[in-house]
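Throughout, read-outs are computed from the coordinates displayed, never taken from laboratory work. Only a predicted model underlies this, so the values are computations on that prediction, with no experimental measurement involved. As a convention, Cβ positions derive from the backbone with ideal geometry for all residues, glycine included, and neighbour counts pool all protein chains shown.
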Amino acid sequence: MPCEVKEKERVGCINPIFTCQPCGAQFASIGIKECIGIVHGGQGCVMFVRMLISQHFRESFEIASSSVHEDGAVFGACSRVEEAVDVLLMRYPDVKVVPIISTCSTEVIGDDIDGVVTKLNAELLPQKYPGREVHLIPIHTPSFVGSMITGYDLAVKDFVAHFAEKTEPSEKINLITGWVNPGDVTHLKHLLAEMDVDATVLFEIETFDSPLMPSGNHVSHGETTIEDLRGTANALGTIALNRYEGAKAAQYLEDEFSVPAVIGPTPIGIRNTDTFLNSLKAMTGKPIPESLVRERGIAIDALTDLVHMFLADKRVAIYGAPDLVIGLAEFCLDLEMRPKLLLLGDDNVRYVDDPRVIALKENVDYDMEIVTNADLMELQDRIVNQGLELDLILGHSKGRFVAIDNNIPMLRVGFPTYDRAGMYRHPVVGYAGATWLAEQMANTLFTDMEYKHNKEWVLNVW
């Protein structure tokens with residue numbers, strides 16, 4: 001079979017593609033206004049994740065730790081949660097949402113964070129903070145299963161389940177963006193505005209492209225409010241852009257409140273953006289305006305300028321978040337490129353049943369590997385030991401050494417990207433994202449040609 005899906009055969013993980021579930025829950029929490037999460041575990045469970053997110057966005061934000069030490073590992077650390085909540089509420093009088101995010105150590109210990117939340121709601125809050133709106137939300141994200149992708153998906157569902165409240169129907173839709181950049185959110189809001197669609201963009205981090213004002217430094221936070229989350233139960237419908245980053249919440253709203261759910265596809269490239277706009281049209285009854293038809297035409301023209309001469313038949317490896325990887329692969333195929341290796345970096349058994357993966361297996365007519373539970377050593381091994389020849393690598397900064405060591409050009413896409421400036425400002429979704437991606441891939445190939453002193457490069461036409 002030309003396109004084969006397989007799990008990594010080697011035991012263990014060398015140079016992982018993802019980090020752990022608590023990271024995903026932390027990322028979801030920073031998209032909520034008046035929210036600071038408490039990560040119940042060692043300080044490193046916050047420090048390293050915060051560093052990763054800050055390196056990517058070049059912004060500061062608030063996150064807390066229960067700071068579990070050796071005594072807690074032996075005797076239990078529930079008291080650390082109680083103390084952490086009290087200190088956090090004293091220190092930040094405007095905070096209303098406090099997710100309690102578990103980690104591998106506290107899940108192994110068996111700390112009952114649900115019971116702690118019940119106790120704090122019955123004792124600490126009414127006694128010390130009477131009349132103050134505080135929502136304590138336990139989120140179970142043990143690090144020894146899943147990844148930051150599943151952690152994000154679980155946290156988004158837990159937040160929505162906590163707040164969603166059926167009242168009067170609204171004309172708004174819910175849009176769950178998934179793990180995207182500020183530039184993606186800005187462009188998605190542009191598409192919604194052009195279609196005159198009133199939407200609640202959930203867990204959005206557009207404001208993480210924060211200004212430095214004369215009044216002082218700005219601490220970044222998301223703009224999704226408690227009222228936004230409550231109103232999710234009353235929407236016309238929910239569109240989750242990603243199957244693995246928000247679908248659980250969309251499905252919950254459909255099951256519990258009969259809010260219709262549309263899951264994906266991730267709007268990367270022309271055809272997937274077309275599908276997204278048609279989903280908006282079907283859900284709201286709003287027509288696709290001429291302005292977006294024109295944007296589409298401009299994007300297609302830009303791609304036409306590049307495809308045959310520069311991109312066709314270029315061999316690509318892609319790694320990162322599953323929805324991003326699959327969306328990029330579909331886009332590359334539309335550009336007549338040849339994705340040769342897709343690395344999906346966690347143990348999610350549902351990948352083999354993903355309709356997009358099934359479509360790749362049925363339609364790709366050359367050798368392609370899709371490796372699940374993969375790490376970056378899989379990429380290195382195939383290049384060095386199995387003869388995989390590549391023209392381009394697409395992925396985040398963690399894989400840069402594979403590209404450097406093997407002299408293969410690489411375009412940074414996804415999270416985390418910290419060795420290129422300002423990448424989070426540029427969308428990869430929508431028509432603008434399609435143009436930007438194609439042009440960046442071409443420019444990456446051009447730059448590689450210059451570094452290798454190829455004065456006569458084969459451009460597929462001469």
Does the chain come out rounded, prolate or oblate, given a ≥ b ≥ c as the square roots of the eigenvalues of its C-alpha gyration tensor, rounded meaning a/c under 1.5 and, failing that, prolate meaning a/b above b/c? prolate
Quick check on segment 173-287: of the DSSP beta bridges with both residues there, what percent are antiparallel, nearest 5%? 10 percent
Could you tell me the center-to-center distance, by alpha carbons, between segment 1-76 and segment 179-213 in angstrom? 24 Å
Stretch gain in nm, segment GLU290-ASP255, where the contour uses 0.36 nm per residue and the Cα spacing is subtracted: 9.0 nm
Okay, helix-only estimate at 222 nm for the chain: each DSSP H run of n ≥ 4 adds -39500 (n - 2.57), divide by all residues, round to 500 deg cm²/dmol; what do you get? -13000 deg cm²/dmol
Have a look at ILE63, ILE358, ILE288 and report the one farthest towards the positive end of the charge dipole of the chain, computed about the Cα centre with Cβ charges (Lys/Arg +1, Asp/Glu -1). ILE63
Output the relative contact order of the chain, whole-number percent, from Cα pairs under 8 angstrom with separation of 6+ residues. 19 percent
Name the shape class, rounded, prolate or oblate, that the alpha-carbon gyration tensor gives for segment 275-415, where a ≥ b ≥ c are the square roots of its eigenvalues, rounded holds for a/c under 1.5, and otherwise prolate holds if a/b is larger than b/c and oblate otherwise. prolate
Roughly what % of DSSP beta bridges within the chain run antiparallel, to the nearest 5? 5 percent
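Within the set of other residues whose C-beta is less than 12 Å from the C-beta of PRO142, count the net charge using Lys and Arg as +1 and Asp and Glu as -1. Each step should come with its number before you reach the end.
On the way: positive: none; negative: GLU107, ASP111.
Computed value for this residue: -2.
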Three-way shape label, segment 187-295, alpha-carbon gyration tensor, a/c 1.5: oblate
For segment 21-146, the convex hull over Cα atoms projects on average to an area in nm² of 7.4 nm²
Setting aside same-chain residues fewer than 8 positions from LYS398, which aspartates and glutamates have a Cα under 13 Å from its Cα? ASP375, ASP419
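Pairs LYS33/LYS119; LYS96/LYS189; LYS128/LYS166; LYS189/LYS361; LYS96/LYS157; LYS281/LYS340: which exceed 29 Å Cα-Cα?
Violating the 29 Å limit, Cα to Cα: LYS128/LYS166; LYS189/LYS361; LYS281/LYS340.
Taking the Cβ of ILE113 as the center, what net charge do the other residues with Cβ under 11 Å away carry, scoring Lys and Arg +1 and Asp and Glu -1?
-3
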If R0 is 41 Å, what FRET efficiency do you get for ARG350 and HIS453 from their C-beta distance, rounded to 0.05? 0.35
Distance cut-off 19 Å, percentage of C-alpha pairs in segment 75-155 lying past it: 39 percent
Between ASP381 and ASP114, what is 0.36 nm times their sequence separation minus the Cα-Cα distance? Round to one decimal in nm. 91.7 nm
Once you list every other residue whose beta carbon is under 14 Å from the beta carbon of GLY285, what net charge do they have if Lys and Arg are +1 and Asp and Glu are -1? 0
Qualifying chymotrypsin sites (Phe, Trp or Tyr not before Pro) for segment 343-427 [loop in DSSP, other Cβ within 10 Å: at most 15]: TYR366
Using the Kyte-Doolittle scale, find the helices of the chain whose mean hydropathy is at least -0.5 and whose Cα atoms extend 30 Å or more along the helix's long axis, counting only whole DSSP H runs. 430-451
